[in-house]
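Just so it is clear, none of the values below were taken in a lab; they were calculated from the coordinates. All values reported here derive from a predicted model rather than from experimental measurement. Every residue, glycine among them, receives a Cβ derived from its backbone with ideal geometry; neighbour counts consider all protein chains shown.
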Amino acid sequence: MLALTSPEPFTDLGAEEIEALAERHGTPLFVYDDAYFRASVSAFLKTWQSAFAHPKAYLSYKTNYMPALCRSAHALGMGADVVSGFEMEHALRLCAARDIVFNGPLKRAGELERAARDGITINIDLAEELETLEALRSSGRITTARLGLRVNPGLPVFAARDRSFVQAHAAKQRSAKFGWPLDDGLAGHMAERISASGFSFETVHAHLNSQITDATLFLAALDPVLGFVAGLRASGTQIRELNVGGGFGVPGMQRSKHGWWSALKATMGERLEDTPDETFDMAAFTRGLARRLREHGLDDLCIGCEPGRYLMSAGMVLVARVAGLKVLPEKQWVVIDAGLNILPTAAFGERRRLRFFRAGEELPVRDDDPDCTIGGPLCFEGDIVMDHARVPASLAAGDLVVLSDAGAYTVSRSTNFNQLRAAVAMRDGRDGTLVWRRETYDDVFCFSD
């Protein structure tokens, strides 16, 4: 990841602190380390800013819009990348409008008007957005707007031993919902429409995927984007910023990269190979991008990005309590009180580091301990937090489990399906200051009779 100025978070989190947090705030509970998050942001900005003449970084609000976290990032100089009207409103209360980028596939007329009036950069992802802005101008509600264009190079950014996974991934990249394709002229056509509209056209944006760990594939996918920007500038369009998006992968958490071939092997009883541990090399990526920018004559551009998971993932853990164990002939279940309603990306087959606690002590995990499936509390079969996890043989109901890398797509993507949303406590050396309260019955049914 980065050579951070602080050690790996939560390694010093002992049984006494864990139990005090759980006793005071209940479980499931997210625990946030603000000092570590600030160190992560500072280290990232140092790397990014040293690579480019005109760097810019925007915090991805969709990844985690918790106010305490956002304020820390903005205080260190980050802008905001938002994908909805309510996120935009949130960002306007926390940072300057000129430092906000409005992305996403749905931008309502009132949201577009607000963004245009405040000088927020709007990345066009639907032709109807441009038409709405033109209608707002014709009616006198706005006079101008700062626009960008989101493009899609349609190239794979994941490698895997299972070629069927890579083939399926490549097909999805080519037909993605987000961005305008570069290889069939649609992006060029939309660029011409934006230029002809008379609005300010300043930015090209390309967000390629999530949890990307291969810097070489990332750079290769950006090559046609750089060529596209160079072509726009050669034709007279005054592009000032290239935003390469985010999706930088984090260590300590892996996603399954299995396709139909792996499924067939599993059906035949073969054990599947685990996805290897992978880390995104940010220094190599920025060096490679800087070199390509020089080759295309684009090194005078502002180079933006919108990291989310890369900065946020490790700065929070999830504390859950074991509800019970179920030993079946072909599977052993450990059911905990935290599920996909508050850890939704676990559905991608993510593996996290686990620690277990009981009565003031940490329970060690040994190589001969049972391999279990960790399930959540939700009443549907797919509520699986980890399909394979080695747990202490003595694990029992009431024990605590700490799951790493819980800072991304948790608070912002939580739902109250079956269970209420969890609280967040900030780690402060005691039993935690609450920075996001637990959802209540009255929150869910606030409009009922």
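Using modelled backbone amide H atoms (1.01 Å from N, in-plane), which distant-in-sequence or interchain residues come within less than 5 Å of Asn152's amide H?
Trp180, Leu182
Asp34: net charge of surrounding residues, Cβ under 15 Å, Lys/Arg +1, Asp/Glu -1, itself excluded?
Working: positive: Arg38, Arg71, Arg427, Arg430; negative: Asp33, Asp428.
That sum, taken over residues with Cβ under 15 Å, equals +2.
If you add up the charges near Arg93, with Lys and Arg at +1 and Asp and Glu at -1, over every other residue whose beta carbon is less than 14 angstrom from its beta carbon, what do you get? It would help to have the intermediate numbers written out before the result.
Numbers: positive: Arg71, Arg114; negative: Glu87, Glu89, Asp99, Asp118.
With Lys, Arg at +1 and Asp, Glu at -1, the net is -2.
If we sort 209-221, 280-292 on the protection proxy, mean other Cβ atoms within 10 Å, highest first, what's the order? It would help to have the intermediate numbers written out before the result.
On the way: 209-221: 19.8, 280-292: 17.6.
Ranking the peptides 209-221, 280-292 by packing returns 209-221, 280-292.
Highest mean first, how do 170-176, 418-424, 74-80 rank when packing is the count of other Cβ atoms within 10 Å averaged over residues?
Details: 170-176: 13.4, 418-424: 20.9, 74-80: 18.9.
Going from most to least packed, we get 418-424, 74-80, 170-176.
Take each complete run of DSSP H in the chain, measure how far its Cα atoms stretch along the helix's own axis, and keep only those covering 27 Å or more with mean Kyte-Doolittle hydropathy at least 0.5; list them.
Span-like helices, by this rule, are 215-234.
Given an 8 Å cut-off on Cα distances and at least 6 residues of separation, report the relative contact order of the chain as a percent.
20 percent
Within region 108-130, find all residues whose amide N lies under 20 Å from a label point positioned 7 Å from the Cα of Gln238 along Cα-to-beta-carbon.
From region 108-130, the list is 116-124.
So if I take the centroid of the Cα atoms in region 309-360 and the same for region 96-118, what is the distance between those two points in Å?
Between the Cα centres of region 309-360 and region 96-118 lies a distance of 37 Å.
Among residues other than Leu403 whose Cβ falls under 11 Å from its Cβ, what is the net charge (Lys/Arg +1, Asp/Glu -1)?
+2
Could you work out [θ]222 nm for the chain from helices alone, using -39500 (n - 2.57) per DSSP H run of at least four and dividing by all its residues? Round to the nearest 500 deg cm²/dmol.
Value at 222 nm, helices only, nearest 500: -9500 deg cm²/dmol.
Once amide H atoms are placed 1.01 Å from N in the peptide plane, what residues at a sequence separation of 5 or more from Asp337, or on another chain, have their amide H within under 5 Å of its amide H?
Arg321, Ala323
Please compute the alpha carbon radius of gyration of the chain, then divide it by the globular-protein estimate 2.2 N^0.38 Å. Two decimals is fine.
Details: Rg = 23.1 Å, N = 449, 2.2 N^0.38 = 22.4 Å.
So the Cα radius of gyration is 1.03 times the expected 2.2 N^0.38 Å.
Whole Å is fine, so just give me how far the alpha carbon centre of region 176-216 lies from that of region 367-419.
Computed from Cα coordinates, the inter-centre distance equals 38 Å.
Could you give each residue of region 142-157 its phi-based ³J(HN,Hα) in whole Hz, using Karplus coefficients 6.51, -1.76, 1.60 with θ = phi - 60°, and x for Gly or Pro?
Couplings: 9, 10, 8, 7, 9, 10, x, 10, 8, 10, 10, x, x, 10, x, 10 Hz.
Between rounded, prolate and oblate, where does region 104-305 land on the alpha carbon gyration tensor, with a ≥ b ≥ c its root eigenvalues, rounded for a/c under 1.5, else prolate if a/b exceeds b/c? Please report the intermediate quantities before stating the final value.
Working: a/c = 2.46, a/b = 1.81, b/c = 1.36.
Prolate is the answer for region 104-305, as a/c is 1.5 or above and a/b outweighs b/c.
Looking at the chain, send over the antiparallel percent of its DSSP beta bridges, to the nearest 5.
About 45 percent, rounded to the nearest 5.
Order 102-112, 323-333 from most to least packed using the mean count of other Cβ atoms within 10 Å.
Sorting 102-112, 323-333 by mean packing, highest first, produces 102-112, 323-333.
Could you please state, rounded to a whole Å, how far the C-alpha centre of region 53-67 is from the C-alpha centre of region 426-449?
25 Å
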